[in-house]
Each structure stands twice: as C-alpha cells, then as structure tokens.
1. Of everything in segment 81-111, what is touching a residue at least 24 places away in the same chain (Cβ under 8 Å), part of a loop (DSSP other than H, G, I, E, B) and surrounded by fewer than 19 Cβ atoms within 10 Å (Cβ to Cβ)? Give them in sequence order.
2. Looking at segment 140-152, which of the residues that are surrounded by 17 or more Cβ atoms within 10 Å (Cβ to Cβ) and of a type outside the set (A, V, I, L, M) is farthest from Val192 (Cα to Cα)?
3. Could you check, for segment 62-70, whether at least one of its residues is over 24 Å from Glu143 (Cα atoms) and part of a loop (DSSP other than H, G, I, E, B)?
4. Among (1) in contact with a Leu (Cβ under 9 Å, 6 or more places away or on another chain); (2) in a loop (DSSP other than H, G, I, E, B); (3) among the acidic types (Asp, Glu), which single condition is Glu167 missing?
5. So which residues in segment 132-161 are within 11 Å of Phe99 (Cβ to Cβ) and not in a helix (DSSP H, G or I)?
6. Kindly provide the set of residues from segment 133-162 that are among the β-branched types (Val, Ile, Thr) and modelled with pLDDT under 95, ordered by number.
7. When you scan segment 138-176, how many residues do you find that are in contact with a His (Cβ under 9 Å, 6 or more places away or on another chain) and of a type in the set (A, V, I, L, M)?
8. From the set of residues in segment 165-193 that are surrounded by fewer than 16 Cβ atoms within 10 Å (Cβ to Cβ) and either more than 14 Å from Trp45 (Cα to Cα) or in contact (Cβ under 8 Å) with a residue 60 or more places away in the chain (or both), which is farthest from the chain's Cα centre (by Cα)?
Amino acid sequence: MSLVCEIPGANLAIARGDFPNPERDIDPASAGGEQQAVLGGGCFWCVEAVYKEIDGVSAVAPGYSGDGAHNADYKTVCSGTTNHAEVVSIRFDPKRTSFGQLLKVYFAVAHDPTQKDRQGEDRGRQYRSVIFYADAAQKEVAEAYIRQLDAAGVFNAPIVTEVVPLEAFHEAEAYHHNYAELHPEQGYIAAVAAPKVAKLRQKFGDKLKRGR
C-alpha cells in the first residue's frame, strides 16, 4: 500500500495567486513516528534559520551529504573538490507538519530552485538545490511537486532541484549550529538569512511555532 495520498483542493491556491500546496503528500496516518528530511538550498546557515521556526520540527542540524565521511568538513567542502552539498537535516512530527509542507517552504522561501549549482553569489556544487530522499514515498512526493510547480509556471525558469537518495548525513562542525540566531549582526546573515525568515513569518504565519 502506498504511503502517498492525493491532497484535495491543492491546486486552488494557484488560482488565488498563492504558492500552491503539494497535490501529493505522505499520508500522516501511515507515516509512523518522527521523520527526517534532508534538504540542500545554498548556505546551510540560512536554510537552518527558516526551518527552526516551523511548528512540528523538533530539530534542525546543518551538515553535508552527497559524498563520504572522509571529506565532510567545511574547509574541504567549500573548496569545491567534493560532491557534498551543504544541507540541513530536519527532524519532524508528520502528525503536525508533513514532508510535502516542508517542501512547500523549501521552494517558496528557503531558496531559489531555478539556480544551478549556486544561490546568489554563493557559487559551486556545494550550494546546489537538492533533495536527499529517505525512502520511495519522499522521492515520489518530491518529484511530483517539482512537476506540479513547473507545470503551473510558478517560477519564471525551470526547477533544477536534484532528487537523489540519501546515503549519509554528516553533521557539520559545532560552530555552524544555530549560526543565524547567534550572529544576527553578521553581514551575510543580515543580508541573506534574515529576509528569508521575515518572508516565512509574513507568508506562512500559520506554520510557525508559538512565540515566533
């Protein structure tokens, strides 16, 4: 039996000009306990800052996926000599927020999925747009949502997000964790991360943890 279900009325948001909900998502009744999503969308400081705000998310950790443990360190990844992407691991309760809804935030707020191997001035394969799926259900939902967004013309260019299996998540060095919240005055955080968090709070206030 498939864990993926159709979401009635998901395409109504397109007619209203809102960012559309996924037409397919993982059925929360079949999802079991806490789940993990691993997403890459440029600098992990910024993506982490967005997902820490979401209700139903219990933990967000920056790290590296796409290559081996031997070269999963910040200096080596930033050199562009690995196949790692900067990613975040998101632990979430599927009864409170779904994988599809995390993807909605990913495409609508967390990054620009039409930029190949870059995000803004951050250039290199380590900054690519990529979804590392944990199982067949996540793969199905991610690929279906990309097709849905492309068909609806939500972006003015094709989505280039890669959808690949998760082989391993290598947690980043301790000083990267919660970086945006700890360093709000840092220039990059103020220019890149803060506007994304502000957009999330403006557009998706119903998805935020209490007190955010």
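1. Correct list: Asn83, Asp93, Lys95, Arg96.
2. Top of the filtered list is Glu140.
3. Yes: one or more hits.
4. So the condition that Glu167 fails would be (1).
5. Tyr133, Ala134, Asp135
6. Val154
7. Total meeting the criteria: 0.
8. Glu173
The values are calculated or read from the model by the stated rules, or taken from the named source; none is laboratory data. All values derive from a computational prediction rather than experimental measurement. When we count neighbours, we look across all protein chains shown, and the Cβ atoms used for this are built from the backbone with ideal geometry, even at glycine.
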